[in-house]
Structures are given as C-alpha cells and as structure tokens.
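What follows draws every value from the coordinates through simple rules; no lab data is involved. Not measured: the values here are computed from a predicted model. Backbone-built Cβ (ideal geometry, glycine too); neighbour counts: all protein chains shown.
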Amino acid sequence: MTRRQILIAGVIVGSLLSMTGREAQAAEWSAEPSLAVKGEYNSNLTLSRIPGEVWGHWVSPSVRFAGSTERLQVSGKAAGDFVTYYGDQNRSLTNGFFPVVARYSTESDVFTLDGSFVRDNTLRTELQQTGVVLGFTQRNLISMSPSWTRSVTENLSFQLGYQFTNATYENGRSLGLFDYDVNGGNLGVSYKLTEGNDIQLTGSYTKLDVPDAGLKSGNAGGSLSITHVFSEATTVKGFGGPRFLDQTQTIGSTSLSANQLIWTFGGSIRTKWEDAWASLDGGQDVNVSGLGFLVKTSRLGATVSKDLTEELTVSLAGQVFQIQALPVQAGTAQSVSTQLIFATPTVTWKLDQWWALEASYSYVDRKVDVTNDSFYSNSTFLKLTYNMPKLSISQ
C-alpha cells in the first residue's frame, strides 16, 4: 500500500471509530468467524493465449461483525485469501477484503459512511464488474462513499452523496495497466408513490483521472429509477438515463478531446418460493478499467437456487457480457469489442450446524471481435467451510 492509500484507509477507520465512540452506551456487538479451505483446477486461468493451466489451494479466514445502538448501526467483514497456484502459473497471492458500513439515524436524517479496502487479483472483482480481462496481477482498491438522506415528509426525501475510489496495480506499468482516481457526487430526490412503489430521480457528476495515461474525463448524467413490490416474494427494479462523457487525453505535446452521449439503464427481478429463489438482472453502464480508458459494459445475469433437502442445495448462475471500449480517439486498437459468457452450477451440502461442503464447476468463454480470437476455460473447485459459533457482547 502507498502512503496515500494508508492515509485514506486511516480516515475511513477514524471516521467509523469516532461515530462508534459517540454511541458506545447500550451497544450490542456480534462476530461470526469462519474458515474455508478450497482446492481448485483451472484449464486457462488468464483467459488468453498465455498458458494458464493451474492447480491451486486456498485458505480463507473471515469474520463478519455488526454492532448497533439506538441510532447507530455498524456492519462489516474482515477476510483474507492465502492462495497458491501450481502449473503454468506458479505463484502465491494474498487477498484482503475489508468492507465496513456505518449508519447513523435521527428522526429526519440518515448519515451513512460506506468504506472498503480490497486487495485481490484483476481476474476476480474487476472482471465481474467490467467484463474486461486484464493482465493477471494484484489490485488495491480503496473506496469511500459518505451520504446524507433527509426526510421532508413521510413519503418525500432528498439524498446527497460523494464517492471516492483509488485503484493501484502491482507491476501495472509492465503489464500496460494504469492507476486511477475517481471522484464523484450525486443529488437525488425519492418519493413513495404507494406502499411498495418508489420512484427516484438522481443527478450525478464523476471525474476520472488517470495520470500515467494522460487521461481526464468528466461524466455528467441523470437517472430515473422505479421500484415495485408485487408481493413479499417478488420485487422489480428498473432505472435509466443519459451520461455525457467529456474526455481529454494528453500524450507529450498532443492533446485529444472527445464528447459522447451514452445511455445507461438496468433492471432486476427477484422472486422466491418456500424452497427456491430466482433472479434476473442486467443493464448497460460506463465503467473505469485499468487499461487507461472507459468501457461500456452491457450485462445480463440470471441465478436459480433450489433446496433439494434441508441439507442439500443446488444452484445455477450465468452471465453474458458485451464490452466496448470508449477511447478518446475513435478507430484505434482500443476500440475492441469483447464478449464473455459465464456458467456456474454449484452444489452445497450442509454437513451439520457448523460445517458445509461446496462443489462447483465454471465455464467461461471469451471472444475478441477485432482479431476473431476465442478463449475458454473450465474450472472446478471443492470448498470446505467451518462456521464458528456466533459471538455476542452487550454493554
């Protein structure tokens, strides 16, 4: 971690501790530790021409924690992965996940601080968000999102928020990856039309800075979202709106600019039954990538889960990505269109109150239009998890 990242992480932790300190009386705290061990096989870890057949083992300790008082609620997780790969990729990795959310409420106001530090490889979280396959390396991601919600009436409220993200890549320059900062803000209004029907109108502005790539980008837009609860079992959400992109890239003495209008939209539907649930979600959004330019990601995902018995659960999850680069200069090699398909069936067996065994298979297919290349991988893993008894403390 850089000194700047340590400072930002300290600000997040200090803010959370100060909020907690003011509400220390009559607090209830809980912790749920767990430990998982996993064996993995992957036929093409990097989803590329580079040989990537590996065997690996994971050791993943974690603890979920939560605390609450009359006005303050805090929840979070501290987790790590100690990973070793053998085969075409011989390397050891250490991942860390530290998300924390604090929520302070009064009669009319809600203050929320959502902060996290994540260290993982680019083929995990970043791939699932953007659909972009980057070089296989470790990424540090720090994010902080404070927000304020003011209730004007029982049905009407206003929201004000700020978002900050800092991403750095290990050995990024040698892999063609660029560190970046994102600062953004949003202002919105929500109205409860009827019981189970909410509407929200939001305006936002985001500024991206990629110093080593000479890229600066402004992203202004608006979004209208609607939530409808059909029943206790089924909920539907949808949103959409325009984004105006203003990009400038400076290389040496040459400066290029571009303006684009991109429509973003999305939606989800989730329903559940007594022993099963299903969800369908998707949309189109503009994301930041470590490649030094913005990408437009279109995604469609679906998940179905069924409890065969009280101990045995089967599920099937799938996602389809369409990724299009949004470079400053049209017609460059960066304008590569890529498709990704994921399919993952999983079986989970609760051995007893504390132990669970999970087996999964995953198929990934990647196609690059400009070169007509196609890459795929088959992977399997077997994971054993021990969930320790919940610890609770009341003051």
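On a straight-distance basis, which lysines could pair with K192 in a cross-link, Cα separation under 21 angstrom, same-chain partners fewer than 8 positions away excluded?
K237
Roughly what percent of Cα-Cα pairs across the chain reach past 26 Å?
Working: 48518 of 77815 pairs.
Above the 26 Å cut-off, the chain has 62 percent of its Cα pairs.
List the extent of the Cα atoms of region 160-297 along each of their three principal axes, largest first, rounded to whole Å.
Projected onto the principal axes, the Cα atoms of region 160-297 cover 60, 33, 23 Å.
On full extension of the chain, what length is gained from L175 through D209, given 0.36 nm per residue of separation minus the C-alpha to C-alpha distance?
Working: separation 34, 0.36 × 34 = 12.24 nm, distance 1.92 nm.
Result: 10.3 nm gained on full extension.
To the nearest 20 debye, what is the magnitude of the charge dipole of region 3-394 about its Cα centre, counting +1 on the Cβ of each Lys and Arg and -1 on the Cβ of each Asp and Glu? Can you show the working numbers first?
Working: 30 positive and 35 negative charges, 157 e Å.
It comes to approximately 760 debye.
Could you calculate the contour length gain from L312 to R150, that is, 0.36 nm times the residue separation minus the distance between their Cα atoms, to one decimal place in nm?
Numbers: separation 162, 0.36 × 162 = 58.32 nm, distance 4.45 nm.
Between L312 and R150, full extension yields 53.9 nm more.
Straight-line reach from K38: which lysines fall under 18 Å, measuring Cα to Cα and dropping same-chain residues less than 8 apart?
Answer for K38, where 18 Å is the Cα cut-off: K350, K383, listed by chain and number.
What lysines sit close enough to K367 to cross-link, taking a C-alpha to C-alpha distance under 18 Å and skipping anything fewer than 8 places away on the same chain?
K296
Given a Förster distance of 45 Å, report the FRET efficiency between S105 and R49 from their Cβ-Cβ distance, rounded to the nearest 0.05.
Values: r = 53 Å, r/R0 = 1.19.
The computed FRET efficiency comes out at 0.25.
Among rounded, prolate and oblate, which fits region 237-395 when a ≥ b ≥ c are the square roots of the eigenvalues of its C-alpha gyration tensor, a/c under 1.5 means rounded, and a/b larger than b/c means prolate?
Working: a/c = 2.33, a/b = 2.04, b/c = 1.14.
The shape class here is prolate.
Could you work out how far apart the two model spin labels at V189 and Y376 are, taking each label as a point 7 Å from the Cα in the direction of the beta carbon, and quote it in nm?
It is 5.2 nm.
Tell me, K38, K390 in order of fewest to most beta-carbon neighbours within 10 Å? Can you show the working numbers first?
Details: K38 18, K390 10.
In increasing order of surrounding Cβ atoms, one gets K390, K38.
Among Q322, V347, F239, whose Cα projects farthest towards the positive end of the dipole of the chain, with charges put on the beta-carbon of Lys, Arg (+1) and Asp, Glu (-1)?
Comparing the listed Cα positions along the dipole, Q322 ranks first.
Within region 132-195, which GluC sites (Glu not before Pro) sit in a loop by DSSP and count at most 11 neighbouring Cβ atoms inside 10 Å?
Working: sites: E154, E170, E195; in loops: E154, E170, E195.
Sparse-neighbourhood loop GluC sites (Glu not before Pro): E154, E195.
Do the sum for the chain: with -39,500 (n - 2.57) for every DSSP H run of n ≥ 4, divided by all residues, what is the mean residue ellipticity at 222 nm, to the nearest 500 deg cm²/dmol? Show your work: numbers first, answer last.
Details: 2 runs with 26 residues, N = 395.
When only DSSP H runs of four or more count, the value is -2000 deg cm²/dmol.
Order of M144, M388 from fewest to most other C-beta atoms within 10 Å? Mind dumping the intermediate values first?
Numbers: M144 19, M388 12.
Going from least to most buried by this count: M388, M144.
Using the 10 angstrom Cβ neighbour count as an exposure proxy, how do E310, E28, E126 rank, fewest first?
E310, E28, E126
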